[in-house]
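Read the structure below first, then the notes.
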Amino acid sequence: MNKDIRITFRVTPEDYERIKTKADQAHMSVSAYVRAAALRHKVVVVEGLKEQTHEFKGIGRSLNQLTILAHEGRVSVVDLDSVFSALEKNYIGLCELAEQERR
């Protein structure tokens, strides 16, 4: 088969050395090794995961801000019921996405 399309991507020198070592151990060229690794693994796309992780990041940012304010002495008591509720809601949503993916 004619291989006339080139794919170029950047890696760190450390990553390149790791890939090259694995290719050498497999007695393959780097391009053959990367091609085999890329084509033999299943890529799973989970719809809705981006929204879930976005929510978790937002909750994490809020908790970090509260922690900073507490360390600065600007807040002393925080009601975290809404945070726990949001975490529980997102966790349930994440479990549902995982369950859908298993099917």
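The values are calculated or read from the model by the stated rules, or taken from the named source; none is laboratory data. Please read all numbers here as calculations on a predicted model, not as lab measurements. Every residue, glycine among them, receives a Cβ derived from its backbone with ideal geometry; neighbour counts consider all protein chains shown.
Which of the residues spanning region 56-80 are of a type in the set (D, E, K, R) and modelled with pLDDT of 90 or more? Reasoning before the result, please.
Residues of region 56-80 of a type in the set (D, E, K, R): 57, 61, 72, 74, 79.
If the condition is that a residue be of a type in the set (D, E, K, R) and modelled with pLDDT of 90 or more, then 57, 61, 72, 74 are the ones that fit.
Mind listing just one residue for me: the one in region 28-43 that is loosely packed, with under 10 Cβ neighbours inside 10 Å and basic (Lys, Arg) and, of those, nearest to residue 7 (Cα to Cα)? Steps first, please.
The first filter runs over region 28-43 and keeps only residues loosely packed, with under 10 Cβ neighbours inside 10 Å, leaving 39-43.
Narrowing the set further to residues that are basic (Lys, Arg) leaves 40, 42.
On the way: 40: 17, 42: 19 Å.
By that ranking, first place goes to 40.
Scanning for something within 19 Å of the chain's Cα centre (by Cα) and either loosely packed, with under 10 Cβ neighbours inside 10 Å or in a helix (DSSP H, G or I) (or both), does region 62-81 turn up at least one residue?
Going residue by residue through region 62-81, those that are within 19 Å of the chain's Cα centre (by Cα) are none.
No: zero hits.
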